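Take a look at the structure below.
The values are calculated or read from the model by the stated rules, or taken from the named source; none is laboratory data. What you are looking at is a predicted structure, and each value in this text was computed from that prediction instead of being measured. Backbone-built Cβ (ideal geometry, glycine too); neighbour counts: all protein chains shown. Surface areas here come from the heavy atoms of the whole protein model, side chains and all, with no ligands, DNA or RNA. Shrake-Rupley method; radii C 1.70, N 1.55, O 1.52, S 1.80 Å.
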Amino acid sequence: MDDSARMWITSVPALDLDGPAVLVGHDCTSRDAGERMVSLLLDRGHEGEEGVFYLLPFDLSARYERTGDRLTVVVSTSREVLAQELADRADPSYEDLADLPGDAADGDRVTLLRRECVTDFVPAEQGGEKQPVLLVDHDGSASLAELFVRFDEGEVGIAVLNAE
């Protein structure tokens, strides 16, 4: 679940954001249970700009944590949403998703992804809300530059996750 090479603090030219954003990579071809669940939940998103999806916080959300010089992002879903998704799937290949770990900070949530990096970046706040996390949905491994090119070509999606 911890794959720190897939978290970046950078500007996102395609979205014309003011200042840097936190991007978290998600490999939609991964066999990891958390990433598989993220893939299922991305179908619940609502498209804004082309290739950009917005998710409701109980479907997918992110939480920032800081320990010294490390910034961590935890992506989670509610236990209720997890149960609904699993109830809709009789296929035994989804059974391992029921064993996803609980979120230590919120007993009503399940941890799906955990990424961290060394940075002094502090996510901005507006109106008491933390800066959203951008989840880059792609297949396989790719550099950040490759992901931006693939986004411009319509091969990669970006999901906007509310953050705590």
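Which residues, counting only those in the range 28-73, are more than 18 Å from ASP91 (Cβ to Cβ), open to solvent by 20 Å² or more (accessible area, probe 1.4 Å) and hydroxyl-bearing (Ser, Thr, Tyr)? Across the range 28-73, the qualifying residues are TYR54, TYR64, THR67. For beta carbons closer than 6 Å, sequence separation of 6+ or different chains, a first residue in the range 149-164 that is in contact (Cβ under 8 Å) with a residue 12 or more places away in the chain and within 15 Å of LEU15 (Cα to Cα) and a second that is open to solvent by less than 70 Å² (accessible area, probe 1.4 Å) and of a type in the set (S, T, N, Q), the qualifying pairs are LEU161/SER61. Determine if the range 140-160 includes at least one residue that is in a loop (DSSP other than H, G, I, E, B), in contact with a His (Cβ under 9 Å, 6 or more places away or on another chain) and open to solvent by less than 60 Å² (accessible area, probe 1.4 Å). Within the range 140-160 (the criterion being in a loop (DSSP other than H, G, I, E, B), in contact with a His (Cβ under 9 Å, 6 or more places away or on another chain) and open to solvent by less than 60 Å² (accessible area, probe 1.4 Å)), the answer is yes, since at least one residue qualifies. Tell me, please, whether a residue that is surrounded by 14 or more Cβ atoms within 10 Å (Cβ to Cβ), at pLDDT below 90, within 21 Å of GLY107 (Cα to Cα) and of a type in the set (A, V, I, L, M) can be found in the range 7-19. No, the range 7-19 contains no residue that is surrounded by 14 or more Cβ atoms within 10 Å (Cβ to Cβ), at pLDDT below 90, within 21 Å of GLY107 (Cα to Cα) and of a type in the set (A, V, I, L, M).
In the range 74-86, of all residues being free of Cβ contacts under 8 Å to residues at least 40 places away in the same chain and either in a strand (DSSP E or B) or under 30 Å from ILE9 (Cα atoms) (or both), the one that is most open to solvent (accessible area, probe 1.4 Å) corresponds to ARG79. When the range 106-123 is filtered for residues that are open to solvent by 40 Å² or more (accessible area, probe 1.4 Å) and under 19 Å from LEU135 (Cβ atoms), the ones remaining, listed by number, are ASP106, ARG114.
Inspection of the range 124-131 identifies at least one residue that is more than 16 Å from LEU23 (Cα to Cα) and either buried (at least 17 other Cβ atoms within 10 Å of the Cβ) or small (Gly, Ala, Ser) (or both). Restricted to the range 45-75, and to residues that are small (Gly, Ala, Ser) and closer than 16 Å to LEU134 by Cβ, which residue is farthest from the chain's Cα centre (by Cα)? Here the residue is GLY48. Only one of the numbered conditions (1) surrounded by 16 or more Cβ atoms within 10 Å (Cβ to Cβ); (2) assigned to a loop (DSSP other than H, G, I, E, B); (3) of a type in the set (Lys, Arg) is violated by ARG89, and that is (1).
Looking only at residues in the range 92-105 that are more than 15 Å from the chain's Cα centre (by Cα) and not hydrophobic (A, V, I, L, M, F, W, C), which one is least open to solvent (accessible area, probe 1.4 Å)? In this case the residue turns out to be GLY102. In the set (1) of a type outside the set (D, E, K, R); (2) within 21 Å of GLY140 (Cβ to Cβ); (3) surrounded by fewer than 16 Cβ atoms within 10 Å (Cβ to Cβ), the condition left unmet by VAL24 is number (3).
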